[in-house]
1. Could you give the radius of gyration (one decimal) and Dmax (whole number) of the Cα atoms in the chain, in Å?
2. To the nearest 20 debye, what is the magnitude of the charge dipole of region 9-115 about its Cα centre, counting +1 on the Cβ of each Lys and Arg and -1 on the Cβ of each Asp and Glu?
3. What part of the accessible area of the chain, given as a whole %, is carbon or sulfur when the probe is 1.4 angstrom?
4. Quick check for you: with a 1.4 Å probe and neighbouring chains kept, what is the accessible area per residue of the chain, in Å²?
5. Based on the alpha carbon coordinates of region 1-40, what radius of gyration and maximum Cα-Cα distance (Dmax) apply, in Å?
6. Which residue, Q31, Q13, Q53, tops the fluctuation ranking in a GNM of the chain built on C-alpha contacts under 10 Å?
7. What residue among G66, G36, G79 has the largest mean-square fluctuation in a Gaussian network model of the chain, using Cα springs under 10 Å?
Amino acid sequence: QVQLVESGGGLVQPGRSLRLSCKASGSITFQFYVIGWYRQAPGKQRELVASIQSDDTTNYADSVKGRFTISRDNTKNTGYLQMNSLKPEDTAVYYCNIRRFREYWGQGTQVTVSS
């Protein structure tokens, strides 16, 4: 059984940084999976924030380009989302997703950006 555990969320002031982690456990070859970070704000649909392919190709939503960086450490079965220059509109529950032939979701971690 594959599990994803996110960590690193919290309350932060505008302009500050957070790093989210997503650790996978179970019987998978993590290096072949696409990792995606999604977020869902209250009353809004879940949206893709960033993704990273198995060859480290990355993709970002326009709203986070230049501020967020997605990365992966296949030796640790872990994906990361470095979030800099956070804005109040980044407030949401952030979810990790991995997919190859199947997809798996984490439980989500709350990020609140507020002064």
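1. 13.4, 42
2. My answer is approximately 160 debye.
3. 43
4. Accessible surface, normalised per residue, equals 55 Å².
5. Computed over the Cα atoms of region 1-40, radius of gyration and Dmax are 13.1, 39 Å.
6. Q13
7. So, out of G66, G36, G79, the one fluctuating most is G66.
The values are calculated or read from the model by the stated rules, or taken from the named source; none is laboratory data. Because the structure is a prediction, the values reported are computed rather than measured. Glycine also receives a Cβ, built like all others from the backbone with ideal geometry; neighbour counts cover every protein chain displayed. Note: areas computed on protein heavy atoms with side chains; ligands, DNA, RNA excluded. Shrake-Rupley method; radii C 1.70, N 1.55, O 1.52, S 1.80 Å.
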